[in-house]
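Undergrad: Here's a structure for you.
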Amino acid sequence: MDIPVYLIAGFLDAGKTNFINGILEDGFARRERTLLLRCEEGEEEYNPKALDNVTVENIEDEEDLTCSRMKALEKKYRPKQVLIEYNGMWSMERLYREVLPANWILYQIMTFVEASTFEVYAKNMGQLMMEKITNADMLVFNRCTPELRDALRKRNLRMVNRRADIYLENEDGSSEDYLTGDECPFDLNQKIIDIPDEDFGVWYVDVMDHPDRYDGKEVHMKLLMCHSKNYPGVHCPGRFAMVCCENDIQFLGMVAKGKQLDSYHNREWIEVTAKMAMEDHTAYQGKGPVMYIETSAPCAKPAQEVVTF
């Protein structure tokens, strides 16, 4: 039997336990037998009145978090679902690869961040922080002041996680969506929108999130040529990007059309001017942005070949 797993991630004092109390009290985890794995114990305690159908197991050391132990807990408690309050100092990759039994299905990852400490953690424990952000389905920044909200929005966190729902929880308890819907990182009134080498990642995320705003616009940038293997005859120039760390480099490509594109080799740097369009394409399995190349020429590679966020 498959068992859904809800992973609550974040560093100490980020608001994980408070969130878990909320879902325990509203009945989410009380309708079915629930196993709650507590891998980190902070100042907050679970509400004992909400644990009538919930079993709490403490995991004090990372080496105690093993697949064999998870199977033993499943056999002992026969849970219908599992909640994990995960230790912020532990690697999530190990959890995916070594710990969760095959029938434990990771259903949702919720990451909580204390807004005032985000910059410190990002600077000093970047990989641990970023893996929790890049893997999240829901991302919540707690205890936000107006200054912290502005700073977080300027970082454009959508560049590192495009799928997550991101919320800013204010000091007064109110909440607001991270995206206001009005943000655009480029001046769309330019005749040709120049995309600097270091801002390709910003543009890529924006055009994928808001393709309509670039429909009919002309853009100029440097790209690495790529001829698709999965879709023969399709050109998809782009850039390599380091999304989280050196071990997590992805190619950010986009469908392009133009007769001269056949003359370039894979991984050849080209400088292009293109007109953007929104079209149905099999590579997108629906509508997506397409670059109609107007001019192109070989060029020197950028000083920084890999895009960083």
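Undergrad: Please go through region 150-176 and give me each residue that is part of a helix (DSSP H, G or I) and either free of Cβ contacts under 8 Å to residues at least 24 places away in the same chain or aliphatic (A, V, I, L, M) (or both), ordered by number.
TA: Of region 150-176, the ones part of a helix (DSSP H, G or I) are 150-154, 157-159.
Those that are part of a helix (DSSP H, G or I) and either free of Cβ contacts under 8 Å to residues at least 24 places away in the same chain or aliphatic (A, V, I, L, M) (or both): 150, 151, 152, 154, 157, 159.
Undergrad: Could you go through region 95-109 and let me know if any residue there is closer than 26 Å to residue 202 by Cα, at pLDDT 90 or above and outside any loop (DSSP other than H, G, I, E, B).
TA: Start the filter on region 95-109 by keeping residues that are closer than 26 Å to residue 202 by Cα, which leaves 109.
Those still in the list that are at pLDDT 90 or above too: 109.
If we keep only those that are outside any loop (DSSP other than H, G, I, E, B) as well, we get 109.
Yes - at least one qualifying residue is present in region 95-109.
Undergrad: Among the residues of region 280-299, write down those that are touching a residue at least 24 places away in the same chain (Cβ under 8 Å), open to solvent by 20 Å² or more (accessible area, probe 1.4 Å), part of a strand (DSSP E or B) and not aliphatic (A, V, I, L, M).
TA: Hits for region 280-299 are 281, 287, 292, 294, 296, 298.
Undergrad: Same structure again: Go through region 201-215 and give me each residue that's touching a Lys or Arg at 6+ places or on another chain (Cβ under 7 Å) and either crowded, with 20+ Cβ neighbours inside 10 Å or on the phi > 0 side of the Ramachandran plot (or both).
TA: The one that is touching a Lys or Arg at 6+ places or on another chain (Cβ under 7 Å) and either crowded, with 20+ Cβ neighbours inside 10 Å or on the phi > 0 side of the Ramachandran plot (or both): 205.
Undergrad: Looking only at region 142-176, count every residue that is crowded, with 16+ Cβ neighbours inside 10 Å and of a type in the set (Val, Ile, Thr) and tell me the total.
TA: Number satisfying all stated conditions: 2.
Undergrad: For region 225-240, enumerate the residues that are in a strand (DSSP E or B) and either open to solvent by less than 10 Å² (accessible area, probe 1.4 Å) or on the phi > 0 side of the Ramachandran plot (or both). Lay out the reasoning, then the answer.
TA: As a first pass, look at region 225-240 and keep what is in a strand (DSSP E or B): 227, 235, 238-240.
Those that are in a strand (DSSP E or B) and either open to solvent by less than 10 Å² (accessible area, probe 1.4 Å) or on the phi > 0 side of the Ramachandran plot (or both): 238, 239.
Undergrad: Continuing with this model, one more query. I'd like the full set of residues that are at positive phi and at pLDDT 90 or above, limited to region 1-46.
TA: Correct list: 10, 15.
Undergrad: Return the pair list, or none, for Cβ contacts closer than 7 Å from residues in region 252-263 that are touching a residue at least 12 places away in the same chain (Cβ under 8 Å) to residues that are open to solvent by less than 70 Å² (accessible area, probe 1.4 Å) and in a helix (DSSP H, G or I), at least 6 apart or on different chains.
TA: 252/204
Undergrad: Considering each of 106, 139, 179, 128 in turn, give the residue that is touching a residue at least 12 places away in the same chain (Cβ under 8 Å) and open to solvent by less than 10 Å² (accessible area, probe 1.4 Å). I'd like the intermediate steps shown before the answer.
TA: Values: 106 fails: open to solvent by less than 10 Å² (accessible area, probe 1.4 Å); 179 fails: open to solvent by less than 10 Å² (accessible area, probe 1.4 Å); 128 fails: open to solvent by less than 10 Å² (accessible area, probe 1.4 Å).
Among 106, 139, 179, 128, only 139 is touching a residue at least 12 places away in the same chain (Cβ under 8 Å) and open to solvent by less than 10 Å² (accessible area, probe 1.4 Å).
The values are calculated or read from the model by the stated rules, or taken from the named source; none is laboratory data. Fair warning: this is a prediction, and the values are worked out from it, not measured in the lab. Neighbour counts run over all protein chains shown; Cβ positions are idealised from the backbone, glycine included. Side chains are part of the model used for accessible areas, which takes the heavy atoms of the whole protein and leaves out ligands, DNA and RNA. Shrake-Rupley method; radii C 1.70, N 1.55, O 1.52, S 1.80 Å.
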